[in-house]
Amino acid sequence: MQKASELISALQKPSRAKVIVSHHNFDCTPSSEELGCLVSKMQSTGADIIKVVTTARSITDVIHVFQVLGRSQAPTIALAMGQQGLISRLLTPKFGGFLTFGSMASGRESAPGQPTIEELQDIYRLPRVGRETEVFGIIGQLVGYSKSPLIHNRFFQEIGYDGLYVPFLVHNFKVFFGAFHPLNFTGFSISIPYKEVALECCDEVESFAKAIGAVNTVVRRRSDGKFIGYNTDCEAAVGAIEDGLGGVNDGVSPLFNKLVVVIGAGGAAKAIAFGAKQRGAHPLIANRHYDRAQKLAEAVGGTAITLDQLYELQPSPGSVLANTTPIGMFPNENETPMPKSVLKHYSLVFDVVYTPKVTRLLTEAEELGLCVVSGFEMFIRQAIEQFSLFVAKPVPKQQLREVMLNVM
Ligand SMILES: O=C1C[C@@](O)(C(=O)O)C[C@@H](O)[C@@H]1O
């Protein structure tokens, strides 16, 4: 540090030139107290700009970096490297950082976790983000594959709303939610595998989501700061399946009296089993862990089966199969939750996976001449309803649907 100040005072820099004093930690992110001491020392060198770059081992490390930005007296660059640190790069303008870094192209990053300039500009539209911008994001373990950041940021642009939507790569939901609570972020999409634990963490849960037992949307109520949980998956999935079967006729759902076989027992399975039962269908739950299938079957008034029983099942004509597991999702597109040989008994096959739009499960169902409904249709519907909850006002649904079809 002394050397830095000696160097700076010895410099004969032109009046418009600025000196950055930079510190990198390739191992971890120290506590905010330690970082605070470091920043004070760096400021005392006479630097024009301070740059502190750490390594995020957990997404909560990023909070220390935001605190550096909040407390520093000088123009400051503060970032955390690595996948877990991505949001420190994206939220730089929100927390008053001097600049953030973008790579020229994917694969040409100068440090781990760096997004491309194209992503910063086209997806996150960083140049227009400021301190007043409301923050939203998707919380999950596979958020790198989600199209939600692309979609919701585009929606904000479409309706002229000052919001920024980012991916939160989270390995412990409760720790994340507790740590980020004071930052007052406005809304979250909840992804695999947190739709059930998120419900437990909300201050209030809307009655429909409570009955399902899973939330995919959490919004901070503007009036009192409380987090409210909602479920937009159920109507999105069940509505898409109903439309695939020809739509509701005279108030009668085409699912009425049908068998709906649900693979999986997590949050999305709960939403579909609940919605199917509500329409008068018979839900059958098949899951790797049979006890979880049993629990869900009991909760919705359905039946649980093992995976072996699923593969031997010969359901009655008109039955629906719904995959709610991530099997078949990018980058494991070759996987399928169900052998092709046993698909032929179903009339309609639905897959919650939307990357790729047509999964191996759906391709094989199509080859057998079955009706298929892609998770993409559910994705569109749940995202539009979710967006309306995020901004707490009605949104132009048809216009947003067209936007989605254009960008994806
Ligand atoms: O299931 C999904 C998909 C999603 O998790 C995503 O991957 O973008 C976003 C959630 O809101 C939704 O319920």
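The values are calculated or read from the model by the stated rules, or taken from the named source; none is laboratory data. Computed from a prediction, not measured in an experiment: that's the story for all the values here. Neighbour counts run over all protein chains shown; Cβ positions are idealised from the backbone, glycine included. For the accessible areas, the whole protein counts, side chains as well, though only heavy atoms, and no ligand, DNA or RNA atoms are used. Shrake-Rupley method; radii C 1.70, N 1.55, O 1.52, S 1.80 Å.
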Exercise. Taking the alpha-carbon set of region 78-117, what are its Rg and Dmax in Å?
Worked result: 9.5, 28
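If you stretched the chain out fully between Ser44 and Cys28, how much longer would it get, using 0.36 nm times the residue separation minus the C-alpha to C-alpha distance? If you can, show how the numbers build up before the last one.
Details: separation 16, 0.36 × 16 = 5.76 nm, distance 2.40 nm.
Full extension from Ser44 to Cys28 adds 3.4 nm.
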Exercise. What is the list of residues in region 48-92 whose amide nitrogen lies under 18 Å from a point 7 angstrom out from the Cα of Val175, following Cα to Cβ?
Worked result: 55-66, 80-88
For this session: Post the alpha-carbon centroid distance, region 117-170 to region 358-374, in whole angstrom.
Result: 32
Problem set entry | Solvent-free Debye scattering, log10 I(q)/I(0), computed from the Cα coordinates of region 262-355 at q = 0.16, 0.24 Å⁻¹ | -0.61, -1.37
Seminar exercise, completed: Plugging the Cβ-Cβ distance of Leu183 and Asn249 into 1/(1 + (r/R0)^6) at R0 = 30 Å yields, to the nearest 0.05, a FRET efficiency of 0.05
For this session: Compute the projected area of the convex hull of the Cα atoms of region 5-95, averaged over all viewing directions, and report it in nm² to one decimal place.
Result: 6.0
Exercise. Around Ala4, what is the net charge, scoring Lys/Arg as +1 and Asp/Glu as -1 over all other residues with Cβ under 15 Å from its Cβ?
Worked result: +3
Exercise. Tally Lys/Arg at +1 and Asp/Glu at -1 over every other residue whose Cβ is under 14 Å from the Cβ of Ala237; what's the total?
Worked result: -2
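Can you give the FRET efficiency to the nearest 0.05 for Asp224 and Leu99, using r as the Cβ-Cβ distance and R₀ = 35 Å? Don't jump to the answer; show the numbers that get you there.
Details: r = 36 Å, r/R0 = 1.03.
My answer for the efficiency is 0.45.
In the chain, what percent of the accessible surface is made up of carbon and sulfur (1.4 Å probe, ligands and nucleic acids excluded)?
51
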Problem set entry | Distance histogram for region 50-177 (every C-alpha pair counted, 5 angstrom bins, percent rounded to whole numbers) | 2, 11, 20, 25, 23, 14, 5, 0
Exercise. Rounded to the nearest 500, what is the chain's calculated 222 nm mean residue ellipticity when only DSSP H runs of at least 4 contribute -39500 (n - 2.57) each, over all residues?
Worked result: -10500 deg cm²/dmol
Exercise. How about Lys195: which lysines have a C-alpha closer than 21 Å to its C-alpha, ignoring those fewer than 8 places off in the same chain?
Worked result: Lys147, Lys174, Lys210, Lys226, Lys270, Lys277, Lys295
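Using packing as a proxy for protection, rank 122-132, 352-362 so that the peptide with the highest average count of other Cβ atoms within 10 Å comes first.
Values: 122-132: 14.3, 352-362: 21.9.
Sorting 122-132, 352-362 by mean packing, highest first, produces 352-362, 122-132.
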For this session: Enumerate the whole-percent occupancy of each 10 Å bin, from 0 to the last occupied one, for all C-alpha pair distances of region 144-211.
Result: 16, 45, 36, 3
For this session: Determine the distance separating the Cα centre of region 274-350 from the Cα centre of region 389-405; give it in Å without decimals.
Result: 31
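For every other residue with a beta carbon closer than 11 angstrom to the beta carbon of Met404, add +1 if it is Lys or Arg and -1 if Asp or Glu, then tell me the sum. Can you show the working numbers first?
Values: positive: Lys147, Arg154, Arg381, Lys397, Arg401; negative: Glu158, Glu377, Glu402.
With Lys, Arg at +1 and Asp, Glu at -1, the net is +2.
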Exercise. Using just the C-alpha positions of the chain as equal point scatterers, what log10 of I(q)/I(0) does the Debye formula give at each q in 0.10, 0.12 1/Å?
Worked result: -0.72, -0.96
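Against the globular-protein guess of 2.2 N^0.38 Å, express the Cα radius of gyration of region 317-382 as a ratio, rounded to two decimals.
Working: Rg = 10.8 Å, N = 66, 2.2 N^0.38 = 10.8 Å.
Taking the Cα Rg and dividing by 2.2 N^0.38 Å, one obtains 1.00.
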